[in-house]
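Dumping the structure here so I can ask a few things about it.
The values are calculated or read from the model by the stated rules, or taken from the named source; none is laboratory data. Everything quoted here is computed from the prediction, not taken from an experiment. Note that we place each Cβ from the backbone using ideal geometry, even for glycine, and neighbour counts take in every protein chain shown. Remember, those area values only see protein heavy atoms, side chains included, never the ligands or the DNA or RNA. Shrake-Rupley method; radii C 1.70, N 1.55, O 1.52, S 1.80 Å.
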Amino acid sequence: MSRPVLDDVENIKAVDKSNMINFCVNSAKLYREAAALADKIKVNYPKADNVIIAGMGGSGIGGDLLKDWARNQTAVPIEVNREYELPEYADKKTLVLITSYSGDTEESLSAFLDALKRKCMIFCVTSDGALLENAERLKVPHLRVPSGMPPRAALPYLFVPLLICMEKMGLVSGASEELSESFQLIQKISQDNAPEKSTIENFSKALALNIGQTSPVVYGFGFYRSVAMRFKQQFNENSKIPAKWEVFSELNHNEIVGWERAGKLGKCFSAIFLRDAEEPNAIQSRIEITRELVEQAGVGLMEIQAQGKSRLARMLSTVCIGDFTSVYLAVLHGVDPTPVKTINYLKETLKQNGVKEKVISELAKLS
Ligand code: F6R
């Protein structure tokens, strides 16, 4: 009898040609290395009035995780900027964290230029590109992270430095303690979800099998907002499937009505609820009622129970489950998780409009 496709480690290796699963298996190590690197960050800025994190895709998600994590403890407003320009309020009292793994993302470079013009306090996290070149030349504080990874797999290097930078500036506290719990938990989760663990004992493999050919809809709440967003991005980029994310309780005010007339479409979706043993009562009731409504539409229901004590450990360990699941789902679909040829095509084709070139030449004029 042949083994289930996800229990055939050789098959996983054959489909996952560039070894994306390796980043999941080694994520605790990557987080630890990122923390050691971030420890070297030196920032001599005064305390900021507000914080803007500018980044896209796999680089921008670190900003959302930071915003959600810090929400219950920092007095400063945090915004994630995915526009070419910064919001009007950005000024010299604004801390702008520019994150771009490649250092060549048009929107991030444009936000960097805008931050320089507005004389904001800037800190860059990048591995290369025009961002690194200009940060070095203009002596803008920055952290160079190791290159050669797909940006979304470099999340530890793109997220942890933001956290440490904020902690060093006195804008948040407790990051270091929560990180050490996170590392331990991520290590355990990585072992439990590794390719060698069979479907029966491997939560991510089972989740991927349950999702099967459907399109996942990820429902988060509170600080799981950014976690749900990360799941969706990983399903898109690794599994190459349409996916979406929503957050409680907003989804109770629109999304649920959409399932009323789903008809045959209902079967094309699966809903993944991000749960937490300590979820507030108000949210718990909403999740339970929503589960029933979604089930009536024929949508498959799945749940992920967060593990860990601290907010950060719960967030990052759930992210880890999503990362594994998206890779196993890619394998089920027979697609290599690593290449993102559509993003590359878009970036290449966009070059013709000359926008990025103009931003880079404006940067070059600054001294
Ligand atoms: C690719 C990926 C993308 C990139 C995005 C921005 O792995 O995850 O979402 O992160 O296109 O590029 P960077 O991160 O280089 O600024």
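Using a 1.4 Å probe, how large is the accessible area of SER198, given in Å² and rounded to the nearest 10?
Its accessible surface works out to 40 Å², give or take rounding.
To make sure I understand the rule: partners must be lysines, Cα under 27 Å from the Cα of LYS267, and not fewer than 8 residues away in the same chain. Which ones qualify?
Straight-distance partners of LYS267: LYS205, LYS232, LYS240, LYS244.
Moving on to the next point. Compute the distance in nm between two label points, each set 7 Å from the Cα along the Cα-to-Cβ direction, one at ALA14 and one at GLN191.
3.1
Dipole magnitude of the chain about its Cα centre, charges +1 at Lys/Arg Cβ and -1 at Asp/Glu Cβ only, in debye to the nearest 20?
In total the dipole reaches around 640 debye.
Let me ask another. Sequence neighbours fewer than 8 away in the same chain don't count; with that in mind, list the lysines whose C-alpha is under 24 Å from LYS309.
In chain and number order, the partners are LYS29, LYS67, LYS168, LYS188.
Let me ask you something else. Within a Cβ distance under 13 Å of GLU79, other residues only, what is the Lys/Arg minus Asp/Glu net charge?
Result for the local shell: -3.
PHE248's amide H: which non-local residues (gap 5+, or another chain) put their own amide H closer than 5 Å, with H modeled 1.01 Å from N in plane and none for Pro or chain starts?
HN-HN under 5 Å from PHE248: GLY220, PHE221, GLY222.
Nearest 5 percent is fine: what portion of the DSSP beta bridges confined to the chain is antiparallel?
In the chain, approximately 0 percent of DSSP beta bridges are antiparallel ones.
Further question on the same structure: Taking N as the number of residues in region 9-57, what is its Cα Rg relative to 2.2 N^0.38 Å?
This ratio for region 9-57 stands at 1.85.
If each of GLN305 and ASN26 carries a label point 7 Å out from its Cα toward its Cβ, how far apart are those two points in nm?
Output for this residue pair reads 3.3 nm.
Still on this structure: Once the other residues with Cβ under 13 Å from the Cβ of LYS119 are scored (Lys, Arg +1; Asp, Glu -1), what is the net sum?
+2
Sticking with this structure for a sec: Would you work out the Kirkwood radius for the chain? I mean one over the mean of 1/r across all pairs of different Cα atoms, in Å.
Values: mean 1/r = 0.0470 Å⁻¹.
When all Cα pairs of the chain are included, the Kirkwood radius is 21.3 Å.
Moving on. Please compute the length gained on full extension between LYS267 and GLU288, using 0.36 nm multiplied by the number of residues separating them and subtracting their Cα-Cα distance.
On the way: separation 21, 0.36 × 21 = 7.56 nm, distance 1.99 nm.
Once the chain is fully extended between LYS267 and GLU288, it gains 5.6 nm.
Plugging the Kirkwood radius over Cα pairs into Stokes-Einstein for region 82-144, at a temperature of 37 °C and a viscosity of 0.692 mPa s, what D comes out in µm²/s?
292
When the chain is treated as a GNM, springs tying every alpha-carbon pair under 10 Å, which of VAL96, VAL80, VAL140 comes out with the largest mean-square fluctuation?
VAL140
Still on this model: What are the residues whose amide H is under 5 Å from the amide H of GLU79, where those residues sit 5 or more places off or on another chain and H is modelled from the backbone?
VAL51, ILE52, ILE53
How much length would be gained if the chain were fully extended between VAL257 and LYS139, taking 0.36 nm per residue of separation minus their Cα-Cα distance, in nm to one decimal?
37.3 nm
Give the accessible surface of region 119-273 per residue, rounded to a whole number of Å², with probe radius 1.4 Å and ligands, DNA and RNA excluded. Please report the intermediate quantities before stating the final value.
On the way: 6100 Å² over 155 residues.
I get 39 Å² per residue for region 119-273.
Within a Cβ distance under 11 Å of LEU132, other residues only, what is the Lys/Arg minus Asp/Glu net charge? Could you put the intermediate results ahead of the total?
Details: positive: ARG137, ARG144; negative: ASP104, ASP128, GLU133, GLU136.
Taking every other residue near LEU132 into account, the sum is -2.
Can you send over the carbon and sulfur percentage of the accessible area for region 204-278, probe radius 1.4 Å, protein chains only?
After summing per-atom areas, the C and S share lands at 55 percent.
Ignoring everything except DSSP H segments at least 4 long, calculate the 222 nm mean residue ellipticity for the chain; use -39,500 (n - 2.57) per segment, divide by total residues, nearest 500.
Taking each H run of at least 4 residues, the total per residue is -15000 deg cm²/dmol.
Describe numerically, in nm with one decimal, the distance between label points set 7 Å from Cα along Cα→Cβ at SER249 and at GLU348.
Those two pseudo-labels are separated by 4.9 nm.
Additional query: Would you grab the residues whose amide H sits under 5 Å from the one on PHE269? Only those 5+ places off in sequence or on another chain, please, with H modelled 1.01 Å from N.
Amide H neighbours of PHE269, under 5 Å, 5+ apart: SER215, GLY300.
Treat every Asp and Glu Cβ in region 208-301 as -1 and every Lys and Arg Cβ as +1, leave all other atoms uncharged, and give the resulting dipole magnitude about the Cα centre to the nearest 20 debye.
400
Order these peptides, 250-263, 210-223, 50-63, by their mean beta-carbon neighbour count within 10 angstrom, highest first.
50-63, 210-223, 250-263
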